[in-house]
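*Asks:* This structure is in structure tokens; I'll ask about it shortly.
The values are calculated or read from the model by the stated rules, or taken from the named source; none is laboratory data. All figures in this text were calculated on a predicted structure; none of them were measured in a lab. Every residue, glycine as well, gets a Cβ built from its backbone with ideal geometry; the counts of neighbours run over all protein chains shown. We work out accessible area using only protein heavy atoms, side chains counted, and drop any ligands, DNA or RNA first. Shrake-Rupley method; radii C 1.70, N 1.55, O 1.52, S 1.80 Å.
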Amino acid sequence: QLQLVESGGGLVQPGGSLKLSCAASGYMLDTFAIGWFRQAPGKGREGVACISSSGGTTHYADSVKGRFSISRVNGKNTVYLQLRSLKPEDTAVYYCTARAPSITSVRTMCNRPDFFDYWGQGTQVTVSS
């Protein structure tokens, strides 16, 4: 059973930065596509950034493109999300998720949380002055 644990969230001022980590256990992540989703109170889960199993393909939501960066290293069971130039509207619980091997494109997956098989418990990011 694949388990995912997020960390790195916290309180940051507008314009600041955070780096989120997603650590996996149970299986190696190198065969899974990985996504970062976020959810604000009363809203559904929004795809923020996703990366293919090889790391060769990424996709970002328009709202975060140019500010956030997702990355992974071959052979390591940790995936990262670097958040820069944070805005109050980025405030949410951020979730790491994984999808078993599939031909579905990363772009399509990143708009569909139901396509993912495993979820972490989330880490809170609060952007406020």
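*Asks:* Restricting to the range 87-97, and then to whatever is not hydroxyl-bearing (S, T, Y) and not in a loop (DSSP other than H, G, I, E, B), can you tell me which residue is most open to solvent (accessible area, probe 1.4 Å)?
*Replies:* Once the filter is applied, the top-ranked residue is E89.
*Asks:* Evaluate the following for P101: is it surrounded by fewer than 13 Cβ atoms within 10 Å (Cβ to Cβ), within 17 Å of G9 (Cβ to Cβ) and out of contact with any Leu (no Cβ under 7 Å at 6 or more places or on another chain)?
*Replies:* no
*Asks:* For R72, indicate whether it is open to solvent by 60 Å² or more (accessible area, probe 1.4 Å) and either touching a Phe, Trp or Tyr at 6+ places or on another chain (Cβ under 6 Å) or in contact (Cβ under 8 Å) with a residue 12 or more places away in the chain (or both).
*Replies:* no
*Asks:* Specify the residue that is farthest from the chain's Cα centre (by Cα); the eligible residues are those in the range 1-14 that are assigned to a loop (DSSP other than H, G, I, E, B) and over 25 Å from G66 (Cα atoms).
*Replies:* Q1
*Asks:* Of everything in the range 67-86 that's over 16 Å from R99 (Cα atoms) and assigned to a loop (DSSP other than H, G, I, E, B), which residue is modelled with the lowest pLDDT?
*Replies:* This residue is N74.
*Asks:* Would you please name the residue that is least open to solvent (accessible area, probe 1.4 Å), looking only at residues in the range 15-31 that are at pLDDT 95 or above and part of a loop (DSSP other than H, G, I, E, B)?
*Replies:* For the range 15-31, the residue satisfying everything is G16.
*Asks:* Of all residues being touching a strand residue (DSSP E or B) at 6+ places or on another chain (Cβ under 7 Å), part of a loop (DSSP other than H, G, I, E, B) and open to solvent by less than 60 Å² (accessible area, probe 1.4 Å) in the range 34-66, which is modelled with the lowest pLDDT? Just the residue, please.
*Replies:* Of everything passing the filter in the range 34-66, G55 is modelled with the lowest pLDDT.
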